[in-house]
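Q: Take a look at the following structure, please.
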There are 2 protein chains.
Amino acid sequence: MDHDLDLHADGPALTAALVDVSSVSGEEGPLADAIERALRRLPHLAVTRHGNTLVARTGLGRKERVVLAGHIDTVPHAGNFPSQWDAERLRLTGVGTSDMKAGVAVQLRLAAALPEPNRDVTYVFYECEEVDVARNGLFLLSRDAPELLSADFAVLLEPSGGVVEGGCQGTLRAAITAAGARAHTARSWMGKNAIHDAAAILDILRNWEARRPVVDGLEFHEGLNAVAISGGVAGNVVPDECVVTVNYRFAPDRSAAEAESYIRELFAAWKVEILDCAPGAKPGLTAGPAAAFVKAVGGEPRAKLGWTDVARFAELGIPAVNYGPGISEIAHTPGEYVEAPPIVAAEHALTAWLTA
Amino acid sequence: MDHDLDLHADGPALTAALVDVSSVSGEEGPLADAIERALRRLPHLAVTRHGNTLVARTGLGRKERVVLAGHIDTVPHAGNFPSQWDAERLRLTGVGTSDMKAGVAVQLRLAAALPEPNRDVTYVFYECEEVDVARNGLFLLSRDAPELLSADFAVLLEPSGGVVEGGCQGTLRAAITAAGARAHTARSWMGKNAIHDAAAILDILRNWEARRPVVDGLEFHEGLNAVAISGGVAGNVVPDECVVTVNYRFAPDRSAAEAESYIRELFAAWKVEILDCAPGAKPGLTAGPAAAFVKAVGGEPRAKLGWTDVARFAELGIPAVNYGPGISEIAHTPGEYVEAPPIVAAEHALTAWLTA
């Protein structure tokens, strides 16, 4: 079935239309088709397709170019498809409403309404943000056609409650292994119980106090958690190994290398294996186009605690922020919803920024 | 291939012959056949077969009847089959040498050599001791034909280093569950980490002091160990559950019910599920036929710390001890061996007891 998107419908109505074209990660084809058709009808945009990722650019020769980016995929349905509109509470409920089809609706409305913005704009609609990074459309674009992402500043329309969220925290996972010696449990004193020894690892986690550093004026809040534990050989054997997997969410005043050193030192008494690590991104809201953006859209910026594709822009040397109408705390829940007024407000604020 | 056992070969040679008929649990058929043929050649014994379990009884009308029992299965081979004889060290190496074909050899030698013992004797050769209790030949016999096990006293020829080992400890396994609340690790303070909470369970285990009660004159030594731990939802989720499986080896001054109450009380702060529990057995060496046995074979009895089928005899109301030429500490290891002199010594001691 071909879906037709009406970019003149208001933001909440367009959000509902986008939600009602199912686009679980890996199955974005029909929605990408619909967005491509709508964009190609706009003569002021040059449209490129890369997989199920779409890039639409103005070419006005402005001094500054900005990216407005959003992913078009959602997590799997959870009895919350299609959308439902609550006219009394002005609330649209359904999968992907907040994360992040409301943001995509704002992107599309701006793309249609602003043929001559004061900055050149690159609109990016990308696939597979909710899954393995190797499938992430923004990652694939940055690898295969980075020139399409070239810009002075980027806004990710991820749900941020209509507030500018700056930077993002990094994330590191490590396996901490306690070693022991096997023995029959009937003579357990002949061995050394690795699970008992792992209590000392857990004690470090229990007693750990979170850093809350202020970076570029925003307060971050770190986290250090066991996310898995496993050990055991058989019901009558003293186990010789216990592995605790920890996830360290670190503020962007620490590099990935510093985060790794910190974890290795904290657990120096055990074998430490770093499983993966993605650096964070500093907010950088105090100067340049980011400062101008904050001034234009208003409100009090706050730190982004989760990891987002803002860090990918940072790696490309492009300052970026999160700013979108959705609510991040209810993303990925069966009751996910978005409220209509913030959709309209975000569109107004971005229009003001791009036309002032 | 049919195997022929020569019961006139000396104990170590007969042990080697028994080892060299493979009999991993569930595959005892050929060895049971060989033992059956050997026993049926002895006119003073009434032989009954039950699966791969054999019972051979004298019928002399003595005032007292004793059981000599041993299992004929072994754990799986570990590059240690067939047996190897070290003439210099008088040592036979191979799977099942100590646990417990040396004991089975002694049983068979006595069966052949003593047509008129001073006590009626029931020889039991049983299958599947090393696996799930539901397949254990002694259990099946006690369920299907308990009259064949009727006796005043029983000796299990399990490896005990040639020393009488009295009673056995009970064993209980329980799952202790720490509960929490899920949250994204980027905002971990919104949840409650169940793995961190499990540290308190492990602290109890680490700080636990083993009881060493003296029961019927023998010192036991308890053990309480985590034998498994598991928890974790995903690499970015604060986990809401962590399960610690513990194994409590308890001295026979505690009943199964008392052991269960003890564990429930020790971990009263958490959900406790009892997974299985087998009671121990008191030594009972201070009176009756057990005391006479200890006196006859000599040596200083000690407590049996592992769980053995002695407890099964105790459930049938039959006092029992472990007494055999093997070495329990090296059972189930690739280097398992038995020394020749203790095989001969055990045969002599039992002969003296049955002919005095």
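The values are calculated or read from the model by the stated rules, or taken from the named source; none is laboratory data. Quick caveat: nothing in here was measured; it's all calculated off a predicted structure. Cβ sites come from the backbone with ideal geometry, for glycine too, and all protein chains shown count toward neighbours. Only protein heavy atoms, including side chains, enter the accessible area calculation; ligands, DNA and RNA are left aside. Shrake-Rupley method; radii C 1.70, N 1.55, O 1.52, S 1.80 Å.
Q: Filter region B:268-283 down to the residues that are touching a helix residue (DSSP H, G or I) at 6+ places or on another chain (Cβ under 7 Å), open to solvent by 30 Å² or more (accessible area, probe 1.4 Å) and at pLDDT below 95 and list them by number.
A: Once the filter is applied, which keeps residues that are touching a helix residue (DSSP H, G or I) at 6+ places or on another chain (Cβ under 7 Å), open to solvent by 30 Å² or more (accessible area, probe 1.4 Å) and at pLDDT below 95, region B:268-283 yields B:CYS277, B:PRO279.
Q: Of the conditions (1) in contact with a helix residue (DSSP H, G or I) (Cβ under 7 Å, 6 or more places away or on another chain); (2) open to solvent by 10 Å² or more (accessible area, probe 1.4 Å); (3) not hydroxyl-bearing (Ser, Thr, Tyr), B:ALA102 clears all except one; give me its number.
A: Answer for B:ALA102: the failing condition is (2).
Q: Determine if region A:50-65 includes at least one residue that is buried (at least 19 other Cβ atoms within 10 Å of the Cβ), out of contact with any helix residue (DSSP H, G or I) (no Cβ under 6 Å at 6 or more places or on another chain), modelled with pLDDT of 95 or more and over 22 Å from A:ARG312 (Cα atoms). First the steps, then the outcome.
A: Pass one, region A:50-65, residues buried (at least 19 other Cβ atoms within 10 Å of the Cβ): A:52-58, A:65.
Adding the requirement that they be out of contact with any helix residue (DSSP H, G or I) (no Cβ under 6 Å at 6 or more places or on another chain) leaves A:57-58, A:65.
Checking the rest, the ones that are also modelled with pLDDT of 95 or more come to A:57-58, A:65.
Subset that is over 22 Å from A:ARG312 (Cα atoms): A:58.
Yes, some residue in region A:50-65 is buried (at least 19 other Cβ atoms within 10 Å of the Cβ), out of contact with any helix residue (DSSP H, G or I) (no Cβ under 6 Å at 6 or more places or on another chain), modelled with pLDDT of 95 or more and over 22 Å from A:ARG312 (Cα atoms).
Q: Are any residues in region A:201-210 of a type in the set (A, V, I, L, M) and either open to solvent by 10 Å² or more (accessible area, probe 1.4 Å) or out of contact with any strand residue (DSSP E or B) (no Cβ under 6 Å at 6 or more places or on another chain) (or both), and if so, which ones?
A: A:LEU202, A:ILE204, A:ALA210 - these are the residues of region A:201-210 that are of a type in the set (A, V, I, L, M) and either open to solvent by 10 Å² or more (accessible area, probe 1.4 Å) or out of contact with any strand residue (DSSP E or B) (no Cβ under 6 Å at 6 or more places or on another chain) (or both).
Q: Sticking with this structure for a sec: So A:THR74 clears everything in (1) under 28 Å from A:ILE318 (Cβ atoms); (2) surrounded by fewer than 23 Cβ atoms within 10 Å (Cβ to Cβ) except one condition, right? Which one?
A: Every listed condition holds for A:THR74 apart from (2).
Q: To continue, here is another question. Go through region B:18-34 and count every residue that is of a type outside the set (D, E, K, R), touching a residue at least 24 places away in the same chain (Cβ under 8 Å) and open to solvent by 10 Å² or more (accessible area, probe 1.4 Å).
A: Summing the residues that are of a type outside the set (D, E, K, R), touching a residue at least 24 places away in the same chain (Cβ under 8 Å) and open to solvent by 10 Å² or more (accessible area, probe 1.4 Å) in region B:18-34 gives 5.
Q: Can you confirm whether B:VAL237 is out of contact with any helix residue (DSSP H, G or I) (no Cβ under 8 Å at 6 or more places or on another chain) and closer than 30 Å to A:VAL131 by Cα?
A: no
Q: Taking region B:226-254, which residues are within 7 Å of chain A (Cβ to nearest Cβ) and crowded, with 23+ Cβ neighbours inside 10 Å?
A: Those that are within 7 Å of chain A (Cβ to nearest Cβ) and crowded, with 23+ Cβ neighbours inside 10 Å: B:ALA226, B:ILE229, B:GLY231, B:VAL238, B:PRO239, B:CYS242, B:ASN247, B:ARG249.
Q: Let me ask something else about it. Filter region A:18-34 down to the residues that are in a helix (DSSP H, G or I) and in contact with a helix residue (DSSP H, G or I) (Cβ under 8 Å, 6 or more places away or on another chain), then identify the one that is nearest to A:LEU108 (Cα to Cα).
A: Ranking the qualifying residues of region A:18-34, first place goes to A:LEU18.
Q: Here's a follow-up. Go through (1) within 11 Å of chain A (Cβ to nearest Cβ); (2) modelled with pLDDT under 95 and name the single condition B:GLY167 misses.
A: (1)
Q: I'd like to check something: does region B:209-216 contain any residue that is facing another protein chain (nearest Cβ under 7 Å), modelled with pLDDT under 95 and touching a Ser or Thr at 6+ places or on another chain (Cβ under 9 Å)? Show your work before the answer.
A: The first filter runs over region B:209-216 and keeps only residues facing another protein chain (nearest Cβ under 7 Å), leaving none.
Checking region B:209-216: not a single residue is facing another protein chain (nearest Cβ under 7 Å), modelled with pLDDT under 95 and touching a Ser or Thr at 6+ places or on another chain (Cβ under 9 Å).
Q: Please indicate, with yes or no, whether at least one residue in region B:40-56 is of a type in the set (D, E, K, R) and closer than 21 Å to B:GLY324 by Cβ.
A: Among the residues of region B:40-56, not one is of a type in the set (D, E, K, R) and closer than 21 Å to B:GLY324 by Cβ, which makes the answer no.
Q: With B:ILE204, B:ILE176 as the choices, which residue is aliphatic (A, V, I, L, M), more than 11 Å from every other protein chain (Cβ to nearest Cβ) and closer than 17 Å to B:ALA269 by Cβ?
A: So the residue among B:ILE204, B:ILE176 that is aliphatic (A, V, I, L, M), more than 11 Å from every other protein chain (Cβ to nearest Cβ) and closer than 17 Å to B:ALA269 by Cβ is B:ILE176.
Q: Let me ask something additional. Checking the structure you have, find out if any residue of region A:118-137 is open to solvent by less than 10 Å² (accessible area, probe 1.4 Å), within 14 Å of the chain's Cα centre (by Cα) and among the hydroxyl-bearing types (Ser, Thr, Tyr).
A: There is at least one residue in region A:118-137 that is open to solvent by less than 10 Å² (accessible area, probe 1.4 Å), within 14 Å of the chain's Cα centre (by Cα) and among the hydroxyl-bearing types (Ser, Thr, Tyr).
Q: Find the residue count for region A:187-206, including only residues that are touching a helix residue (DSSP H, G or I) at 6+ places or on another chain (Cβ under 9 Å) and either hydrophobic (A, V, I, L, M, F, W, C) or at pLDDT below 95 (or both).
A: Residues meeting the conditions: 11.
Q: Quick one: A:GLU265 ticks every box in (1) within 12 Å of another protein chain (Cβ to nearest Cβ); (2) open to solvent by 30 Å² or more (accessible area, probe 1.4 Å) except a single one, so which number is it?
A: Just one mismatch for A:GLU265, condition (1).
Q: Right, next: Across region B:155-189, which residue is nearest to B:VAL124 (Cα to Cα) among those that are open to solvent by 10 Å² or more (accessible area, probe 1.4 Å) and of a type in the set (D, E, K, R)?
A: Looking at the filtered set, the residue picked out is B:GLU158.
Q: Could you count how many residues in region B:256-289 are without any contact (Cβ under 8 Å) to a residue 40 or more places away in the chain and in a loop (DSSP other than H, G, I, E, B)?
A: Residues in region B:256-289 being without any contact (Cβ under 8 Å) to a residue 40 or more places away in the chain and in a loop (DSSP other than H, G, I, E, B): 2 in total.
Q: So how many residues does region B:301-356 have that are assigned to a loop (DSSP other than H, G, I, E, B) and not hydrophobic (A, V, I, L, M, F, W, C)?
A: The number of residues fulfilling the criteria is 16.
Q: Given (1) more than 30 Å from B:ARG65 (Cα to Cα); (2) in contact (Cβ under 8 Å) with a residue 40 or more places away in the chain; (3) open to solvent by 20 Å² or more (accessible area, probe 1.4 Å), where does B:GLU219 come up short, assuming only one miss?
A: So the condition that B:GLU219 fails would be (1).
Q: Please list, ordered by first then second residue, the pairs with beta carbon atoms under 7 Å, 6 or more apart or interchain, first in region B:329-353 and within 19 Å of B:VAL19 (Cβ to Cβ) and modelled with pLDDT under 95, second acidic (Asp, Glu) and in a loop (DSSP other than H, G, I, E, B).
A: Listed by first residue and then by second, the contacts come to B:ILE330/B:GLU336.
Q: Give me the pairs: first residue in region A:163-181 and without any contact (Cβ under 8 Å) to a residue 12 or more places away in the chain, second residue not hydrophobic (A, V, I, L, M, F, W, C), beta-carbon distance under 6 Å, and six or more apart or on different chains, which are they?
A: Once the first residue is without any contact (Cβ under 8 Å) to a residue 12 or more places away in the chain and sits in region A:163-181, no partner that is not hydrophobic (A, V, I, L, M, F, W, C) comes close enough.
Q: Then there's this: Against the conditions (1) open to solvent by 10 Å² or more (accessible area, probe 1.4 Å); (2) over 30 Å from A:TRP353 (Cα atoms); (3) free of Cβ contacts under 8 Å to residues at least 60 places away in the same chain; (4) not in a loop (DSSP other than H, G, I, E, B), where does A:ALA198 fall short? Just the number, please.
A: Going through (1) open to solvent by 10 Å² or more (accessible area, probe 1.4 Å); (2) over 30 Å from A:TRP353 (Cα atoms); (3) free of Cβ contacts under 8 Å to residues at least 60 places away in the same chain; (4) not in a loop (DSSP other than H, G, I, E, B) one by one, A:ALA198 breaks only (1).
Q: Which of the strands (runs of 3 or more DSSP E) found entirely inside region B:35-116 contain at least 1 residues meeting this: within 25 Å of B:ALA345 (Cα to Cα)?
A: Qualifying strands (runs of 3 or more DSSP E): B:53-57, B:65-71, B:84-86, B:91-93.
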